[in-house]
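Following: one structure in structure tokens, then a few remarks.
Nothing in this text is a laboratory measurement; each read-out follows from the coordinates by a stated rule. Since this is a predicted model, take the numbers as computed values, not measurements. Don't worry about glycine lacking a Cβ; one is built from the backbone with ideal geometry, like all the others, and counts go over all protein chains shown.
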Amino acid sequence: MSFTNKKIIKILEHYKTIWALNYAAGLAQWDLNTYMPPDGAPARGEAMAKLSTLCQKLFLDRKFMALIEKAGEEKKLSDAEKGVARTLKKDLRNYQKLPPEFLEEFERVTSEAHVAWRESKQSSDFSRFAPFLERIVDLNRRKADYLGYEGHPYDALINEFEEGWTTKDLDDFFSGFRSGLKEILDQVLSRPGYSPSAPLAEMPYNRAAMERVNREILDYLRVDPRRLRLDASPHPFTQGLTNRDVRITTWYAAKDFGASVSSTIHEFGHALYEAQVGDALQFTPIGGGRSLGLHESQSRFWENMVGRSRAFAEKFMKSFQGLSTEIDEYLEKEGVEGVHRYFNLVKPGLIRVEADEVTYHFHVILRFYLEKSLLEGTAKVRDLPEIWNQSMERFLGVAPKNDAEGVLQDIHWSMGAMGYFPTYSIGTFLSAMWREAMEEEFGDLDEFLLREEAVERIQKWLREKVHRHGAAYTLKDLVKRSIGKDFSTEPMLKYLRKKYLANDF
Ligand code: MG
């Protein structure tokens, strides 16, 4: 992919300053979440707000706007050039349609709401956060009105996170797999040998030893330490600055080492996408992943398809044994099966981020319907805890004891993000499409993973089919052109049936 069209080249020259601002903001964001002393927060917030205003100013430069408007009319643009024109046009529309006063109000309300949410969660008291959530719902409704939509106001919001998807697409998506997934769940739970207990989850581990294991995992995943660094943060994340400088974090708790393992692999999956975007796309608006679903399809692929495989459990068995004497003794007795079972335990729970591959999507469905109803006004903020608890009971048969493990668990609404959650399921379902397509080439993936060259060849496959294109295509277009298929839920249901119904972990 490269750029030859004169207008596009001109656009990219101007864009490079915007890129540099985003680069600086990205670095400041990474630092804020890793090493910044806490008292640096107010100044950092101030600086970031100024950087974003500056960015908007550069976008709304008369000459730049005119170039972007005309770029779409150019004939014979390459796919990368079309990608640049499309993404910039979308960004520009947002800057044009959302008034600066509205953006400022959004910023103000959400930074206050974030603090209120944290306190509210700590004391498990929804009433502290409720008035902020009411304002956030109202802001999102207004945002949808400003941005415009044809069908449902939620269309305008989802389009921010997953370009081209509509509320109808999401309705079809969720209702298309819901009963199939419920069937799988019911069958797993009623298997004669099923046990909900995971002793390894309760065992404390040594942090220094876990840090070493995480390094070994990155070695196994062929990470070049000159291009990627790993740090720790309470909420693991990935920050891609360029394809040669990607940072990830993982987290450490007192027990349940599997959570640290899967966070490391998950973020690695996001990082690999950023690291394998083509050189020619660097410093451009399509130089990294933009579709949240596509990004999540990468993190979930590595986390679930590789990290929860039997081959992985075998490979790291010895390393896990070094995490504590208790873990060592348990694994001595239970063997590789013990690790494999622990990593794949299906157990209806209350917390989304701790959910297994089968129950996960019920958490997302609940959030999607709530967001839609809030936006329509058919659900009221004050009734959320009750609706939440009843739905959890209905979907998964578990009921939160308090709001901290119910409606207050996620950070997203406090940050003003509505329409984000569905991309978690979209990405996860897409990861099974990649798996299925890979298997046409490599044969059964679980078998293939036992081979020495597996990781290298999978990375090459993903670079070719997904990563090198950066954000040139939307999710659906990329899937179509790289594996010749339309987005579908079937491969995931097939994978889950095969894995969880045929296997007795
Ligand atoms: Mg992720």
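Within the set of pairs 6+ apart or on separate chains, which have a first residue in the stretch 238-267 that is farther than 27 Å from Ala25 by Cα and touching a residue at least 60 places away in the same chain (Cβ under 8 Å), a second that is within 14 Å of the ligand (Cβ to nearest atom) and charged (D, E, K, R), and C-beta atoms under 8 Å apart?
Ser262/Glu303
How about the stretch 249-294: which of its residues are more than 18 Å from the chain's Cα centre (by Cα), hydroxyl-bearing (Ser, Thr, Tyr) and under 30 Å from Pro204 (Cβ atoms)?
Passing the criteria: only Tyr252.
Since Phe395 meets every condition but one in (1) surrounded by 14 or more Cβ atoms within 10 Å (Cβ to Cβ); (2) not in a helix (DSSP H, G or I); (3) not β-branched (Val, Ile, Thr), which condition does it not meet?
With respect to (1) surrounded by 14 or more Cβ atoms within 10 Å (Cβ to Cβ); (2) not in a helix (DSSP H, G or I); (3) not β-branched (Val, Ile, Thr), Phe395 is out only on (2).
Check off (1) in a helix (DSSP H, G or I); (2) in contact with a Gly (Cβ under 8 Å, 6 or more places away or on another chain) for Glu386 and give me the number that stays unchecked.
(2)
Each row is one residue, and each column tells you yes or no for (1) farther than 26 Å from Asp446 by Cα; (2) more than 16 Å from the ligand (Cβ to nearest atom); (3) surrounded by 24 or more Cβ atoms within 10 Å (Cβ to Cβ).
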residue	(1), (2), (3)
Arg247	yes, no, no
Lys255	yes, yes, no
Thr264	no, no, yes
Val277	yes, yes, yes
Glu296	no, no, yes
Val306	no, no, no
Lys315	no, yes, no
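I'm told Tyr149 meets every condition in (1) within 27 Å of the chain's Cα centre (by Cα); (2) part of a helix (DSSP H, G or I) except one. Can you identify the failing condition by its number?
Tyr149 satisfies all of (1) within 27 Å of the chain's Cα centre (by Cα); (2) part of a helix (DSSP H, G or I) except (2).
Thr242 fails exactly one of the following numbered conditions: (1) out of contact with any helix residue (DSSP H, G or I) (no Cβ under 7 Å at 6 or more places or on another chain); (2) within 16 Å of the ligand (Cβ to nearest atom); (3) hydroxyl-bearing (Ser, Thr, Tyr). What is the number of that condition?
Failed condition: (2).
Out of Arg108, Arg128, Arg93, report the one residue that is loosely packed, with under 14 Cβ neighbours inside 10 Å, touching a helix residue (DSSP H, G or I) at 6+ places or on another chain (Cβ under 9 Å) and among the basic types (Lys, Arg).
Working: Arg108 fails: touching a helix residue (DSSP H, G or I) at 6+ places or on another chain (Cβ under 9 Å); Arg128 fails: loosely packed, with under 14 Cβ neighbours inside 10 Å.
One residue alone meets the criteria, Arg93.
Per-residue answers, yes or no, for (1) closer than 17 Å to Pro199 by Cα; (2) within 16 Å of the ligand (Cβ to nearest atom); (3) outside any helix (DSSP H, G or I):
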position	(1), (2), (3)
Glu274	no, yes, no
Phe312	no, no, no
Gly338	yes, no, no
Lys347	yes, no, yes
Ile365	no, no, no
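Only one of these conditions is not met by Val223: (1) assigned to a loop (DSSP other than H, G, I, E, B); (2) surrounded by fewer than 16 Cβ atoms within 10 Å (Cβ to Cβ); (3) not charged (D, E, K, R). Which number is it?
(2)
Within the stretch 475-485, is there a residue that is in contact with a Leu (Cβ under 7 Å, 6 or more places away or on another chain) and within 16 Å of the ligand (Cβ to nearest atom)?
Within the stretch 475-485, one or more residues are in contact with a Leu (Cβ under 7 Å, 6 or more places away or on another chain) and within 16 Å of the ligand (Cβ to nearest atom).
With the requirement that a residue be surrounded by fewer than 15 Cβ atoms within 10 Å (Cβ to Cβ) and of a type outside the set (Asp, Glu), what does the stretch 59-71 give you?
Leu60, Arg62, Lys63, Ala66, Lys70
For residues in the stretch 279-292 being away from the ligand (no atom under 16 Å from the Cβ) and of a type in the set (S, T, N, Q), which is surrounded by the fewest Cβ atoms within 10 Å (Cβ to Cβ)?
By that ranking, first place goes to Gln282.
Can you find, within the stretch 163-211, the residue that is nearest to the chain's Cα centre (by Cα) among those that are hydrophobic (A, V, I, L, M, F, W, C) and more than 26 Å from Lys499 (Cβ to Cβ)?
Restricting to residues being hydrophobic (A, V, I, L, M, F, W, C) and more than 26 Å from Lys499 (Cβ to Cβ), the top hit is Trp165.
Is there any pair with a first residue in the stretch 436-458 that is free of Cβ contacts under 8 Å to residues at least 60 places away in the same chain and a second that is among the acidic types (Asp, Glu) whose Cβ atoms are under 9 Å apart and which are 6 or more apart or on different chains, and what are they?
Correct list of pairs: Glu436/Glu490; Phe448/Glu439; Arg457/Glu441.
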